[in-house]
Amino acid sequence: MGSMMLGCITDFFTYETTKSVVVKSWSVGIINRIVQLLIISYFVGWVFIHEKAYQVKDTGIESSVMTKVKGFGYHNNQVMDVADYVFPQQGSGIFCIMTKVIITENQSQGTCAELGKNFKCSNDTDCHKHYGSILSNGVITGVCLNSSNDTMGYCESSGWCPAENDQVKIDPMLDVSNFTIFIKNSVRFPLFNVTRGNFLSTMSSQEIKTCKYHPETSPYCPIFLVGDVLSFTDQNASELADKGGEIGINIEWKCNLDLDIKHCLPKYSFTRLDAPFSKNKISSGYNFRFAKYFKTENGTDFRTLHKAFAIRFDVMVTGNAGKFDTIPTLINLVAAFTSVGLGTVLCDIILLNFLKGAKQYKAKKFEEVSEAQIEAYLARSPGSQLSLRPGLKSSYDSGAISFTTSDQPF
Amino acid sequence: MGSMMLGCITDFFTYETTKSVVVKSWSVGIINRIVQLLIISYFVGWVFIHEKAYQVKDTGIESSVMTKVKGFGYHNNQVMDVADYVFPQQGSGIFCIMTKVIITENQSQGTCAELGKNFKCSNDTDCHKHYGSILSNGVITGVCLNSSNDTMGYCESSGWCPAENDQVKIDPMLDVSNFTIFIKNSVRFPLFNVTRGNFLSTMSSQEIKTCKYHPETSPYCPIFLVGDVLSFTDQNASELADKGGEIGINIEWKCNLDLDIKHCLPKYSFTRLDAPFSKNKISSGYNFRFAKYFKTENGTDFRTLHKAFAIRFDVMVTGNAGKFDTIPTLINLVAAFTSVGLGTVLCDIILLNFLKGAKQYKAKKFEEVSEAQIEAYLARSPGSQLSLRPGLKSSYDSGAISFTTSDQPF
Amino acid sequence: MGSMMLGCITDFFTYETTKSVVVKSWSVGIINRIVQLLIISYFVGWVFIHEKAYQVKDTGIESSVMTKVKGFGYHNNQVMDVADYVFPQQGSGIFCIMTKVIITENQSQGTCAELGKNFKCSNDTDCHKHYGSILSNGVITGVCLNSSNDTMGYCESSGWCPAENDQVKIDPMLDVSNFTIFIKNSVRFPLFNVTRGNFLSTMSSQEIKTCKYHPETSPYCPIFLVGDVLSFTDQNASELADKGGEIGINIEWKCNLDLDIKHCLPKYSFTRLDAPFSKNKISSGYNFRFAKYFKTENGTDFRTLHKAFAIRFDVMVTGNAGKFDTIPTLINLVAAFTSVGLGTVLCDIILLNFLKGAKQYKAKKFEEVSEAQIEAYLARSPGSQLSLRPGLKSSYDSGAISFTTSDQPF
């Protein structure tokens, strides 16, 4: 009983390793080492140095963006300041600078004639087809106003009157190019609890106040001239101001926290986000409508409708941070060591097929055992004691030297 | 010296490959090939074709969304247009359509009686428990107004007066179902610098203007009827208009950039985002308060308070793009080739345990060497020259033919 | 022809397994098993239990956040309520609570004197350097106003007049600490179509209405006292109310959908997002400008400019969900089984280099075959029949017992 247990334990604490054939051949040896070198280079160069596989990565960047626009522009004979042209006013990461506005003053609830050639009519029935139209300025009543025998009238609509005429030609506020956008961006990598802001700690207050971002000379200045931003995206400022558009300001944080934290810096890039639509006739540009509401002395409401054309800026923050960690390092080291062995796949193909003496190498690498042999053996010696200790079989190899035996591969 | 160096180099340029046993057995051979076939099928079918492991993926999609709502609705005997019912007005990816509004006109700073049965009182002390209440319309002063011996009064609060009565029953603006939402979405995959918009390039201006989204007949139309969107999410439009709610419009981009770019198309889906709360009594729906501010002739401020019930739409853009790249292809090919060898794990178990002649196979696969043998050998021939060239051992295999030897497994 | 085909098929249905050496040695056997145990522990403990590698993960969480602030504060001798101090009013995931406001009343378009010592001047030329300034309140006209021989004047600017004086000292609305923020957050995991809200289903309406969030006693209450939130982030409420700032409220969902869905709960955490700037003199805090627009009886526009200092709250939702799936389970099981074999790398190094009898083990593990041998053999028997059936070579092993042969390693 005790010895059986010991036997079991002895059997358990064994070590099994593959039996290998060492081929002393210059050709396949060199190929083998070159393949191994390539695999090691891949792991060292790409996996470890380029992809930094020894680091644990935090991609769940937490970011907050505050923006502040400054500048004055003339529009409709008025001086416009930030409170007039920025929407929303809270200085969020997505904001619009209004560059052109078509104003319809003193609208109040009532009925009035539509504008635009689509709504021309000579009698009421002409207007019935517009019932439920969403392209009018109000609900179409089905009445044709101001038509006489020789002149066309316009369909009547009910809603805020007078109707807006958005076909009027207005010069956009080109001063927008001189406006500045100040971006305050702080990011946090929750995994490492590292927080960074987009100002260089080495910049003085005076520098931050007076600098202008430039990709080469001043890449860490948080103040952007709108004109510069538009030119970085190869956009025509006056066309954009006239029709509106959307500009993306991407702030990319790629932080290697194994280095000093001061190397963890933002990288700005700029794109026109609505580029796929910029050439589209029906829907190029960007505009929206809003109203300012007033009350007359006697308490009736009226409003001023604004159709605003604006440049929208989206500040998008992306990034990740990496820091050395034992677990990914170990996993990738093991992967690297294991992969070095993969060279054998290629070398085996060469060795066993294309090399002189391939058949002899095959004979050395492969031992064959067939069902027939096993069955023959089992038939001959059904209760053989030897078969109980099969692992010792190889101990019976003869020691006879056989270099001269001609029917032997070696 | 030189020959030692040469020896080292010769030793270095060797190739080591595992010695294998080839089992010519139908049963285990078939199992082996089936397992290998399964593994290859998995890699070809799932990893390569389904998961497209030969591609490098860009998941950092950059997206911009502009929306425009159109339509007219009657509410409180007024015609409401976009400038009245959309918040915020800039046409961002998250916007609300106000469907019901409770208006409290002409509020100005002062003191007035609270409304609501919670604030009923018969004397001042009844109101003291409400000090610091946030459910009132203003700061509770601790005074009970208008109470007499037989009627209850209401606590006084200081703030914007008169107090809002939000228990009034108002019909929601059901016209909301006929409003249309126009969504302009452009995405960019920064890794490949590919930009796409959600209009088909084959659609004419007229088509885009007049189409309505339908999942089957018109899946790429960017204009959505609010009523349709609500029905896609199985919501009751009139209930939603009455209480408010939140609808998600998901735009999914899954682009295979190995195909023509025109196959990179958006897929729309719709959900009710606040579904977990829709049955909750205390907090179903969606509402918020805002005020319009006015000035009297003599300069005192007054405001109109609005309690707005709204349907909020969140346009969420997700997606990724993939493109053929050599590095992931190589890595996965290597993984596939290596994994084919994993079939041996299963086959070994069958071969060495369940097959007839398992012991003989074991004897063929495993060579045993024990510490005792090594020690015995070392004791016998401590300085043996042979042990210096152990790799040559196998050259001493005898060539004698031994098919007739009965105490030999084969 | 038929037999050749059969031969091919027979050759195809073979099974190749590595020939192994079983080392019966206590030392290396124990090391082997310990290494295997470590590898298994790593897979069981880290990969399967900690990382839950048997699950498929959905990281594309869809989230919607609605917020509602309640509370009253005194500021500028007025009672402020939600409609006055929350921006934007729609109750979105990012919102500001205005805590201090500098009001400039009755601004209208015109020209007026700038304020501030930077704009002091004694004659017009002093003002020319300010042309194009964006730090003024309007467009600098280049005229020096109100200067006499002995007193300095101020440069004139054109725009909204009178100019804003933002140097005035105003007490912030410290009542903000008593405001409450109610957060309604619903999330959806599209892969599993699982939807969750941030209220416990076991909480009654009354509980939800009256509870206050506390990390230990009430971690699932959706109502947050602003003062608590500020203290969780170790911020001074009065300083924050005075200068403004940005607070992040992170809601983390980590859901194991193999457990009951009721364990899928939110976890709240709080940070000061603009922490990197909080000590920065030039740009600490958070403020923005907005205007309320009015019309006089005769129709001219005037406005009230507000410079608002606010605490901005960003509700950020992160998370993922995991659920058992056969594919990742299988892949990781295979990876685990395969990796158990990696222990051989270490054990081989020990066995072949540091163990007593290392050379003998090497002799047993490695069979050597050199180009020279192959060439010698090929020269001797160029057309040998045997070489056509190399796989059978090992069948010719002699059965002679050789335990006593002294020139044999074993």
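FYI, it's all coordinate maths here, none of it is from the lab. Just so you know, these numbers come straight off a predicted model, no measurement behind them. Please note: Cβ atoms are built from the backbone with ideal geometry, for glycine as well, and neighbour counts cover all protein chains shown.
Can you list the DSSP H helices in chain B whose Cα atoms extend at least 18 Å along the helix axis and whose mean Kyte-Doolittle hydropathy is 0.0 or higher?
Both cut-offs are met by B:26-41, B:326-340.
Is there a quick way to get the dipole size of segment B:228-371? I mean about its Cα centre, with the Cβ of Lys and Arg at +1 and of Asp and Glu at -1; what is the value in debye to the nearest 20?
Value, rounded to 20: 320 debye.
Using the crude model of +1 on Lys and Arg Cβ and -1 on Asp and Glu Cβ, and no other charge, please compute the dipole size for segment A:66-155 relative to its Cα centre, in debye to 20.
Charge dipole of segment A:66-155: 360 debye, to the nearest 20.
Computed on alpha carbon atoms, what radius of gyration and Dmax characterise the protein assembly as shown, expressed in Å?
Answer for the protein assembly as shown, Rg first and Dmax second: 41.1, 132 Å.
If I model a spin label at A:Gln78 and B:Ser238 as a point 7 Å from the Cα along the Cα→Cβ vector, what separation in nanometres do I get?
It works out to 4.3 nm between the two label points.
Taking the Cα centre of segment C:263-324 as origin and charging only Cβ (+1 Lys, Arg; -1 Asp, Glu), how large is the dipole, in debye to the nearest 20?
So the magnitude is around 180 debye.
Between B:Phe12 and C:Ile349, what is the FRET efficiency for a Förster distance of 22 Å, r being their Cβ-Cβ separation, to the nearest 0.05?
Once the sixth-power term is evaluated, E becomes 0.80.
Take the Cβ-Cβ distance between A:Ser231 and B:Lys209 as r, set R0 to 56 Å, and report the resulting FRET efficiency rounded to the nearest 0.05.
Computed FRET efficiency for A:Ser231 and B:Lys209: 0.95.
Loop only per DSSP, at most 16 neighbouring Cβ atoms within 10 Å: give me the trypsin sites (Lys or Arg not before Pro) in segment B:159-195, ordered by residue number.
Within segment B:159-195, the qualifying trypsin sites (Lys or Arg not before Pro) (loop, at most 16 other Cβ atoms within 10 Å) are B:Lys169.
Net charge within 13 Å of B:Pro276 by Cβ-Cβ distance, Lys/Arg positive one each and Asp/Glu negative one each, not counting B:Pro276 itself?
Cβ neighbours under 13 Å give a net charge of +3.
When only C-alpha pairs under 8 Å and at least 6 residues apart count, what is the relative contact order of segment A:113-230, in percent?
In percent, rounded to a whole number, it is 20.
Quick one: net charge around B:Lys117, please, counting Lys, Arg +1 and Asp, Glu -1 for every other residue with C-beta under 14 Å from its C-beta.
My count for the surroundings of B:Lys117 gives -2.
Please name which of B:Gly93, B:His75, B:Val334 has its Cα lying farthest along the dipole of chain B towards the positive end, using unit charges on Cβ (Lys, Arg +1; Asp, Glu -1) and the Cα centre as origin.
Comparing the listed Cα positions along the dipole, B:Val334 ranks first.
Classify segment A:185-251 as rounded, prolate or oblate from the Cα gyration tensor: take a ≥ b ≥ c as the square roots of its eigenvalues, call it rounded if a/c is under 1.5, otherwise prolate when a/b beats b/c and oblate if not.
oblate
Show me B:337-347, B:213-223, A:357-367 ranked by packing, highest mean number of other Cβ atoms within 10 Å first.
The peptides rank, most packed first, as A:357-367, B:337-347, B:213-223.
Within 10 Å of each Cβ in B:287-300, how many Cβ atoms from other chains are there, averaged over the peptide?
Counting other chains' Cβ atoms within 10 Å and averaging over B:287-300 gives 6.
What distance in nm lies between label points placed 7 Å from Cα along the C-beta direction at B:Ser218 and A:Ser218?
Inter-label distance under the simple model: 5.1 nm.
Compute for segment C:27-114: radius of gyration divided by Kirkwood radius, i.e. Rg/Rh, restricted to C-alpha atoms, rounded to two decimals.
Taking Rg over the Kirkwood Rh, I get 1.53.
At C:Phe324 and B:Leu37, where each label point lies 7 Å from the Cα along Cα→Cβ, what is the point-to-point distance in nanometres?
3.1 nm
Send over the Kirkwood Rh of segment A:64-153, from the inverse of the averaged 1/r over different Cα pairs, rounded to one decimal Å.
Every distinct Cα pair counted, the radius reaches 16.8 Å.
Segment C:195-301: which trypsin sites (Lys or Arg not before Pro) are DSSP loop and have at most 13 other beta-carbon atoms within 10 angstrom?
Taking segment C:195-301 and a limit of 13 other Cβ atoms within 10 Å, the loop trypsin sites (Lys or Arg not before Pro) found are C:Lys212, C:Lys279, C:Lys281.
Lys and Arg at +1, Asp and Glu at -1: add these up for the other residues within a Cβ distance under 13 Å of A:His130 and post the number.
Every neighbour counted, the sum reads -1.
What Cys residues in chain C have no fellow cysteine's beta-carbon under 4.7 angstrom?
If one checks each Cβ against the other cysteines of chain C, C:Cys8, C:Cys96, C:Cys347 turn up with nothing under 4.7 Å.
Under 8 Å for C-alpha pairs, at least 6 residues apart: give me the relative contact order for chain B, rounded to a whole percent.
Relative contact order comes out at 19 percent.
Taking 1 over the mean of 1/r across every pair of different Cα atoms in segment B:100-225, what Kirkwood radius in Å do you get?
Computed over segment B:100-225, the radius equals 19.6 Å.
Calculate log10 I(q)/I(0) of chain C for q = 0.14 Å⁻¹, where I(q) comes from the Debye formula with a single equal point scatterer on each Cα and nothing for solvent.
-1.26
Find, to one decimal place in angstroms, the Kirkwood hydrodynamic radius of segment B:329-379, where the mean of 1/r is taken over every pair of different Cα atoms and then inverted.
13.9 Å
Counting C-alpha atoms alone, how compact is segment A:1-154: give Rg to one decimal and Dmax as a whole number, in angstrom.
Values for segment A:1-154 (Cα only, Rg and Dmax): 41.0, 123 Å.
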